[in-house]
Amino acid sequence: MPTPVVIWQFTDGKAGHENQTRGLINGLSTRIPVDTHIIEVPSNSLQFLYLLLIGRLYKNLARLPKSNFLIAAGRRTQLPMLLAHLWFGGKRILLMRPYWPKAWFDLMIIPRHDSPPLSPKSLVTEGAINSIIPSTDQDKNKGMILIGGPSKHYTWDSAGVIQQIATLLKSMPDISWTIANSRRTPEDFSTQINEIPSPFNFIDHRQTDNNWLSQQLATTGQIWVSPDSVSMLYEAVTSGTAVGSLQLQATKKNNRIVSGISELINKGMITPFSQWQQTRHLSRPSQQLNEAQRAADWILKQ
């Protein structure tokens, strides 16, 4: 058996960043054997500085097998990864636009909506990569609605979102519906959603674990997502199921996130609620998206 590639996975504890690094590592593991070690980055700068000054960070890393790949997502993970490379080597792979000079990183994987620098060291992806595995086992009788909340890209409107949800549920009464909130969802939404007369199952995000969403996406026939939740939109598209986007007012016309969603609509990857109202048709993405696997294959060719 080939010797496993040793990966040091730097994490700041944020679910979205862990989803990105885990997706890339999963993609690598489909091609080569890997040995992954998770390195937790302190939650604040003072704690990180303390660990650095007393030498604990160095000692903790020195106990690990020497790394081939250093993988990080999130601003707080970048400096620890750079120090780890300085001390022990390893190829530095960053899953975002760099905060530090890009010359300090070996490879960068950056979503198109973040306006990545043109460089042979950069791979441009459609949205942030994720750990969702494409599926063909979705049940057409199951539907899910994923709710975000206030963001700098869209003006949140609980009443408007609930009205759209009520329309969906009333129009498709034979579908078994699940509605799930997120940590950004306002408290009043959870109260108002119960006023919808149509039956549905409500899931609070605090009742779920890290694997819950991927399991649901693998088996659900259609997914609706509020557009502020851009990462969930790309996860839904990656699953291969039919995806719809609920309607919210953008805060700015030339918004990079809004432009990215508009591009998904133009490519036939998702269906906006306004279009569904006219056609009552929700189609699967026009092409299969699996950016984590594409990124993994790209890394192995470098």
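The values are calculated or read from the model by the stated rules, or taken from the named source; none is laboratory data. Because the structure is a prediction, the values reported are computed rather than measured. FYI the Cβ positions are ideal-geometry reconstructions off the backbone, even for glycines, and counts take in every protein chain you see. Side chains are part of the model used for accessible areas, which takes the heavy atoms of the whole protein and leaves out ligands, DNA and RNA. Shrake-Rupley method; radii C 1.70, N 1.55, O 1.52, S 1.80 Å.
Numbers below:
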{"read-out": "Number of the exception - SER29 against (1) open to solvent by less than 50 Å² (accessible area, probe 1.4 Å); (2) within 30 Å of MET232 (Cβ to Cβ)", "value": "(1)"}
{"read-out": "Within segment 120-171, tally of residues that are within 25 Å of TYR99 (Cα to Cα), of a type in the set (Val, Ile, Thr) and either open to solvent by less than 20 Å² (accessible area, probe 1.4 Å) or in contact with a Phe, Trp or Tyr (Cβ under 7 Å, 6 or more places away or on another chain) (or both)", "value": "2"}
{"read-out": "Single condition GLN215 does not satisfy, out of (1) within 21 Å of PRO285 (Cα to Cα); (2) open to solvent by 50 Å² or more (accessible area, probe 1.4 Å); (3) part of a strand (DSSP E or B)", "value": "(3)"}
{"read-out": "Any pair with Cβ under 7 angstrom, 6 or more apart, that starts in segment 194-216 at a residue that is over 23 Å from ILE132 (Cβ atoms) and ends at one that is assigned to a helix (DSSP H, G or I) and open to solvent by 50 Å² or more (accessible area, probe 1.4 Å)", "value": "SER198/LYS170"}
{"read-out": "Condition met for SER283 (out of contact with any Asp or Glu (no Cβ under 6 Å at 6 or more places or on another chain) and assigned to a loop (DSSP other than H, G, I, E, B))", "value": "yes"}
{"read-out": "Residues being open to solvent by less than 30 Å² (accessible area, probe 1.4 Å), touching a residue at least 40 places away in the same chain (Cβ under 8 Å) and under 25 Å from GLY16 (Cα atoms) - total across segment 271-292", "value": "4"}
{"read-out": "Of all residues in segment 99-119 being surrounded by 20 or more Cβ atoms within 10 Å (Cβ to Cβ) and at pLDDT 95 or above, the one that is nearest to GLY27 (Cα to Cα)", "value": "ILE109"}
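Residues checked against (1) free of Cβ contacts under 8 Å to residues at least 24 places away in the same chain; (2) farther than 18 Å from VAL6 by Cα; (3) open to solvent by less than 50 Å² (accessible area, probe 1.4 Å); (4) in contact with a Lys or Arg (Cβ under 7 Å, 6 or more places away or on another chain):
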{"position": "GLY23", "(1), (2), (3), (4)": "no, no, yes, no"}
{"position": "VAL34", "(1), (2), (3), (4)": "no, no, yes, no"}
{"position": "ILE38", "(1), (2), (3), (4)": "no, no, no, no"}
{"position": "VAL41", "(1), (2), (3), (4)": "no, yes, yes, yes"}
{"position": "LEU52", "(1), (2), (3), (4)": "no, yes, no, no"}
{"position": "GLY55", "(1), (2), (3), (4)": "yes, yes, yes, no"}
{"position": "ALA84", "(1), (2), (3), (4)": "no, no, yes, no"}
{"position": "LEU94", "(1), (2), (3), (4)": "yes, no, yes, no"}
